[in-house]
Amino acid sequence: MIHVFVGPTLMRSEPQLAAPGVRVWPPARHGDLFNTAIRSGDTVVLIDGVYHQAPALRHKEILAAMGRGIRVVGAASIGALRAAELAPYGMLGVGHIYTAYVRGDIDGDDEVAVGQAPDGAWDALTWPLVNLRHALQLAVADVVLDAGRAAGLLSALRAVYYPQRTWAAVRAVCGGRGETAFAGWLVERREQDRHFGDLKRADALAAVRGALAGTTAATSVVAAPPPGWEMAYVHRWSNAAVRERVDGLELSTEDCLVYQQVFDPAFGDRWAAYLEHLSRHPSDGGPGLPLAERLAQACGGGLPADRVFHPRLDLRDEQTVALLLAGETAEDRRAVAGYSDALAWARRSRPGFSTAAVRDEVARDLLLGVWRCDEGEFDAEASARGLGRAASAVEAAKRFVPGFWEETKRMETTRGGR
């Protein structure tokens, strides 16, 4: 499967995007490459990505994808920039813009940046500097401008902030510098060919054609990332990106797990069973042992297993999810959906709101009430539920606070109305 992340650089009607085996995604953002639909052996063609209105796709995410056996090709926009940065690790770059980044002819993010229409539309509202640069080069070749005037015009256009680099702004800059002949020439050429000077489009089409022809698979070498490159953040991003669709609900798997850890009275038993499973079936291929025997080797058996063993969860692993969510019910999933909706509403209605804004003591009171324990038992209870320690449990539970407040208010209103 070929996964193409593209937005304003190509129109949806491009025939290559409708070819068999091609799946088109919106411009890439942080977390997208952890999608379980993208599998080992697939090819990702990274063209467009967001970075102004949402967190951008990070380098470590691309390395993680390549480490899972996914070929990653970049071109035209942020794809060209990331390919130039990650070429030593096996990311393949395609096209003139990628080459310009590699050679150092261009180096700024704003060379490829465009203002994009809101609400999921793919239309570009501004002109990227690489296309204007290319148009100026073509104008010099056509003797519309000389090299000095073209350089001056490029410098003036670069000074315009990229979200304001509209066609009206381009004409205003040309008029201000007395270069109306160039503006008229550009209008005429674009009337003859609406894609005239669109270097980003040409590079993007070349990348998609290469992926379809299999040339990217033949020429790219997916190098193993150097030892120790995978930091804790990558693991956290990967887990946060995993989602599941059950009973018509699309839910974060991580939210479902934390809900069980917080609200299921029996989750301590399930966590103990999970540790037993890991001890008997270690992921590193080592010998399996009963958990009690492994615990005796580690500490003489004087501590609970949950205080000694802290496995790193991989929520992309289906068996792990099946074991930890074995007690989940349809009612639980509906509750998770409700808490998720409440959190989303809080973010929409209170600009700047995030779970980090929830006070620690509020989440702590929620947990102490649900677990029916006192402060002296808090750490032990959090550990028994696989949350590590009290502070980690508090951070995890913050996602449920807005929904818990709503739930509490409804119950109080109901009681008051009787």
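A few comments on the model shown:
- Every listed requirement among (1) out of contact with any helix residue (DSSP H, G or I) (no Cβ under 6 Å at 6 or more places or on another chain); (2) without any contact (Cβ under 8 Å) to a residue 40 or more places away in the chain; (3) surrounded by 12 or more Cβ atoms within 10 Å (Cβ to Cβ) is met by ARG270 save one, (2).
- Test result for GLY327, assigned by TED's automatic domain parsing to the domain that holds LEU275, surrounded by fewer than 14 Cβ atoms within 10 Å (Cβ to Cβ) and either touching a Phe, Trp or Tyr at 6+ places or on another chain (Cβ under 6 Å) or within 13 Å of LEU257 (Cβ to Cβ) (or both): yes
- Scanning the stretch 213-247 for residues that are aromatic (Phe, Trp, Tyr) and surrounded by 12 or more Cβ atoms within 10 Å (Cβ to Cβ), we see that the one that is modelled with the highest pLDDT is TRP237.
- Contacts under 8 angstrom Cβ, first residue in the stretch 402-418 being surrounded by 10 or more Cβ atoms within 10 Å (Cβ to Cβ) and modelled with pLDDT of 80 or more, partner part of a helix (DSSP H, G or I) and of a type in the set (D, E, K, R), 6 or more apart: GLY403/ASP341
- Filtering the stretch 103-157 to residues that are of a type in the set (Lys, Arg) and at pLDDT below 90 leaves only ARG103.
- When the stretch 40-53 is limited to residues that are part of a loop (DSSP other than H, G, I, E, B), closer than 16 Å to ASP110 by Cα and not acidic (Asp, Glu), the one that is modelled with the highest pLDDT turns out to be ILE47.
- Filtered residues of the stretch 248-264 (kept if modelled with pLDDT of 95 or more and in a loop (DSSP other than H, G, I, E, B)): ASP264
- Being surrounded by fewer than 17 Cβ atoms within 10 Å (Cβ to Cβ) and touching a residue at least 40 places away in the same chain (Cβ under 8 Å) is true of ASP341.
- Test: residue in the stretch 348-359 that is touching a residue at least 60 places away in the same chain (Cβ under 8 Å) and not hydroxyl-bearing (Ser, Thr, Tyr): no
- Taking the listed residues VAL114, VAL102, VAL73, the one that is at negative phi, in contact (Cβ under 8 Å) with a residue 60 or more places away in the chain and assigned by TED's automatic domain parsing to the domain that holds GLY31 is VAL73, with no other qualifying.
- Candidates GLY197, GLY210, filtered to the one that is surrounded by 14 or more Cβ atoms within 10 Å (Cβ to Cβ) and under 14 Å from LEU136 (Cα atoms): GLY197
- The listed residue being surrounded by fewer than 19 Cβ atoms within 10 Å (Cβ to Cβ), not acidic (Asp, Glu) and not in a loop (DSSP other than H, G, I, E, B), out of ALA64, ALA37, ALA87: ALA87
- Residue match in the stretch 371-394 (condition: over 24 Å from PHE267 (Cα atoms) and either without any contact (Cβ under 8 Å) to a residue 60 or more places away in the chain or of a type in the set (Lys, Arg) (or both)): no
- Whether a residue is surrounded by 12 or more Cβ atoms within 10 Å (Cβ to Cβ) and either in a helix (DSSP H, G or I) or in contact with a Ser or Thr (Cβ under 6 Å, 6 or more places away or on another chain) (or both) was assessed, and ALA298 passes this test.
- Residue in the stretch 266-273 that is farther than 26 Å from GLU377 by Cα, in a helix (DSSP H, G or I) and in the same structural domain as PHE404 (by TED's automatic domain parsing) present: no
- Members of the stretch 333-357 that are under 21 Å from the mean Cα position of the chain (by Cα) and among the basic types (Lys, Arg): ARG347, ARG348
The values are calculated or read from the model by the stated rules, or taken from the named source; none is laboratory data. Note that the coordinates shown come from a computational prediction; the quantities given were computed from them, not determined experimentally. Note: ideal-geometry Cβ built from the backbone for every residue, glycine included; neighbour counts use all protein chains shown.
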